[in-house]
Structures are given as C-alpha cells and as structure tokens.
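**Q** Here it is: the structure, laid out below.
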2 protein chains.
Amino acid sequence: MIKLGKLTDYAIAVMGQLVHEAADSSAQGEGTMSSSAHYLSSRTGIPEPTIAKVLKMLAKGGLVVSARGAAGGYRLAKPAGQISIGEIIAVMDGPVAIVSCVDPGQEPCMMSETCPTRHGWSRVNDAIKSALDGVKLTEMLSAPACGKVHDFMKGEDAGCA
Amino acid sequence: MIKLGKLTDYAIAVMGQLVHEAADSSAQGEGTMSSSAHYLSSRTGIPEPTIAKVLKMLAKGGLVVSARGAAGGYRLAKPAGQISIGEIIAVMDGPVAIVSCVDPGQEPCMMSETCPTRHGWSRVNDAIKSALDGVKLTEMLSAPACGKVHDFMKGEDAGCA
DNA sequence: ATAAACAGTACTTATTCAGTACGATTAGGA
DNA sequence: TCCTAATCGTACTGAATAAGTACTGTTTAT
Ligand code: FES
Ligand code: FES
C-alpha cells in the first residue's frame, strides 16, 4: 500500500514535461507560452482524457495555471525548483496519512482502548513527509551520475555505484 | 494512497501486544511462552479470524514464530528492540515501491520513452524506507512526553509541545 | 460566428483489499 | 488410543477505492 496512484505518477511525468516546455519557450523569449492537453498527451503518451483529468486536478491544486479559449493551455505556476514531489502527491492523493484510524470523520478506532500503538505515528508520518518535500521536481529530472533507471525494487540498492 | 492497509495497522498492534506478553512471561521466567490467536484477539479487540490471518502473514514473514498443536501460539521471533516498523510493513504490504511502473513482471511503462521522471525515484524510495526502518517497535510503544494520541492529520503539527 | 481549449460533474468499469470459510495438519493430554 | 486445541494453507465472497470515460458548459482567439 505504500505506493502512489497511477494518476500521481502521470502527474509527475506531466509536470516534468511542462518543465521542458517552459525551458524551451523561455529560450525563445516566449516565457508565458502554454501547452495544451492534446499536445502534452502526444508528448507523454498518456491518453488524452486521462491527462486532461490530471491537469484539471493540478490546476485546482494550484500547481499549474490554465489559459482557456483557443490557443489556451497549461503552464507551471512557479519555477520548477520550487515545486516538490510532496506537493504534487498532496494535490493528487491528498495529504499523507499513513494510518487509517486517524482519518477525521471516522470512528476513532476499533481498538483505541487497548491498542498500544496510539502514540508514535506522527513521527513516522513527518519523516515521510519531509522525505517527499525534500525532493524537488528539478532533481527528479536530472539524470543521476550513472545511467540507471529506477529499478530499485528489484535489488537492494540500485543507487549509482 | 500513501497509507497503510488495515491489516498492517493491526499487525503493529498485535506485535505490540506480543511485546507485552514477552515482557510479562520473562518476568515470570517463562521466556518461551506463546500466545494463542484467541487470546490476542481478546486483548486487542481485533476479530479472531482477522487476527489469525495477520499472525499467519507475520509468521510467514519470519517476524513471529508459531507453535502448533494444543497449547500452541505465537511469540516474537526476536527482541522487540530489533524489530522495525519498516520490517512489519514490508511483510504485510510487500516491499516499499512508490511507483507502479517499476513492478517486475509488468510492462516497463506506458511512456518509458518520453517520461522525464525515469531517474530519481530510488532516492525518494530510499528516504521513505529509512524513515520507516529507523523507528523500532519499542519506540512506537513508549508514550511521548505529552499524553497526545496520533491525531497529526488534523493539525499541522500535533507533536508534543 | 466559429473553433479550440479548459471546467466541472457524473457515470461506469476495473482493481484491490478486507473479511470469512473450510479442510488439513500438528501436538498435547485424558 | 482418541479427542481436543491450536496453527497452516488456500480459496472464496463482498465491499471499498481508484481509474478511465463521457458529456455539457464556459471561455477566448481568430
Ligand atoms: S490502530 Fe487505531 S488507535 Fe491503534
Ligand atoms: S512513469 Fe514509468 S518510466 Fe516514468
């Protein structure tokens, strides 16, 4: 269960694409150019209806700004270096809440009386949150020293040797 | 999606209970006493069929050892101080794999060609893993300085003031 | 006016998870 | 020996959640 939803994964890919677009357009002196959902779909391979949904969520979360009408589209709301992975996840999947029994609007817990783990979760949660917030979008895009892709799951440590 | 399954939450509660049992029995000089699923159910409030399932998974993962037959039951496989939350999560929910497109035995990725985020995930994943591994079971059980329970989700920082 | 593009919502389908049930196996005790 | 208490393993069912799709409305450049 410690895994991102597909939409979140898409979102990060799309944001990455927008970073590229922003870099290209600013190189051409057109810093405010927007990319349409259709264009982003063709660039990322994500089906258009789905990417549109992702972009709408990101816009609602304030990570991208949208321009409506003909020649409209999306662009990053702020420089890529200021956008963290944690923010994107928060927008797409909601705030990080590792345990279910703390959800507000839900009965406290089936076993809050006897459960010995009522304390201590906040520390774990904060650790994860700062791990996520500590990684910026720009860092995700820059290739590591080695040429490896993210196959960390297969081995114990696939980090660059 | 960044949340634990209920079974994982149960598992940690059960392990905590086993820590107590181990402490009690060693105080009486019966260090190898086992607790039955029925007994643990009554102590934790978790329904017996469910707790049995949890215990089976934990036994398979090597975190508890089982004794069959009459007067059988479960006990911790190693001292509580050596068991981390990360281990329990790994046993219950599988290894931490934050992105779905790295699952072995699955098509690499829909957009591995153009996706700009192929690199960098291992760093995020490792950060989360060490955050999880850094918290030992004994630390979860010890109450914090304040008497607060884990309601960190409601406020920004519910840590002990 | 027209066409291109986003906004919002609602619906359907697929997947995953929690919970339950059943039969088999093992070990202790009468 | 026979019975009982307990785990082992698997398989099934129902519910919750997420993913994907569709449609209608609004905005804006040409
Ligand atoms: S599992 Fe909810 S209070 Fe412990
Ligand atoms: S999302 Fe799979 S390679 Fe980027």
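So that you can scan it fast, the table gives a plain yes or no per residue for (1) touching a residue at least 12 places away in the same chain (Cβ under 8 Å); (2) within 14 Å of ligand 2 (Cβ to nearest atom); (3) among the charged types (D, E, K, R):
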position	(1), (2), (3)
A:G5	yes, yes, no
A:Y10	yes, yes, no
A:A13	yes, yes, no
A:E21	yes, no, yes
A:Q28	no, no, no
A:M33	yes, no, no
A:I46	yes, yes, no
A:K53	yes, no, yes
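**Q** I need the full set of residues from region A:5-52 which are under 15 Å from A:S66 (Cα atoms) and outside any helix (DSSP H, G or I), in order please.
**A** The answer is A:G31, A:T32, A:M33, A:S34, A:S35, A:S36.
**Q** If B:I83 passes every condition in (1) within 14 Å of chain A (Cβ to nearest Cβ); (2) within 16 Å of DNA strand C (Cβ to nearest atom); (3) not acidic (D, E) but one, which one does it miss?
**A** The failed condition is (2).
**Q** Looking at A:R43, A:R75 in this structure, which one is facing chain B (nearest Cβ under 7 Å) and surrounded by 15 or more Cβ atoms within 10 Å (Cβ to Cβ)?
**A** Matching residue, one of A:R43, A:R75: A:R43.
**Q** Also: Looking at (1) more than 16 Å from ligand 1 (Cβ to nearest atom); (2) free of Cβ contacts under 8 Å to residues at least 24 places away in the same chain; (3) within 13 Å of chain B (Cβ to nearest Cβ), find the lone condition where A:M1 falls short.
**A** Here A:M1 clears every test but (1).
**Q** Sticking with this one: Looking only at region A:11-32, decide whether some residue is within 11 Å of DNA strand D (Cβ to nearest atom) and surrounded by 20 or more Cβ atoms within 10 Å (Cβ to Cβ).
**A** Among the residues of region A:11-32, at least one is within 11 Å of DNA strand D (Cβ to nearest atom) and surrounded by 20 or more Cβ atoms within 10 Å (Cβ to Cβ), which makes the answer yes.
**Q** When only residues in region B:131-152 that are modelled with pLDDT of 85 or more and of a type outside the set (A, V, I, L, M, F, W, C) count, which is farthest from A:G86 (Cα to Cα)?
**A** It comes out as B:T138.
**Q** I need the full set of residues from region A:23-40 which are of a type in the set (A, V, I, L, M, F, W, C) and either within 10 Å of chain B (Cβ to nearest Cβ) or out of contact with any Ser or Thr (no Cβ under 9 Å at 6 or more places or on another chain) (or both), in order please.
**A** A:A23, A:A27, A:A37, A:L40
**Q** If you take the residues in region A:46-72 that are more than 14 Å from the chain's Cα centre (by Cα) and within 15 Å of A:L18 (Cβ to Cβ), which one is surrounded by the fewest Cβ atoms within 10 Å (Cβ to Cβ)?
**A** That would be A:G72.
**Q** Considering only residues that are of a type in the set (G, A, S) and at pLDDT below 85, look in region A:87-129 and name the one that is nearest to ligand 1 (Cβ to nearest atom).
**A** A:S112
**Q** Read through the list (1) within 18 Å of the chain's Cα centre (by Cα); (2) near DNA strand C (Cβ under 10 Å from one of its atoms), then give the number of the only condition that A:H20 fails.
**A** (2)
The values are calculated or read from the model by the stated rules, or taken from the named source; none is laboratory data. All figures in this text were calculated on a predicted structure; none of them were measured in a lab. Every residue, glycine as well, gets a Cβ built from its backbone with ideal geometry; the counts of neighbours run over all protein chains shown.
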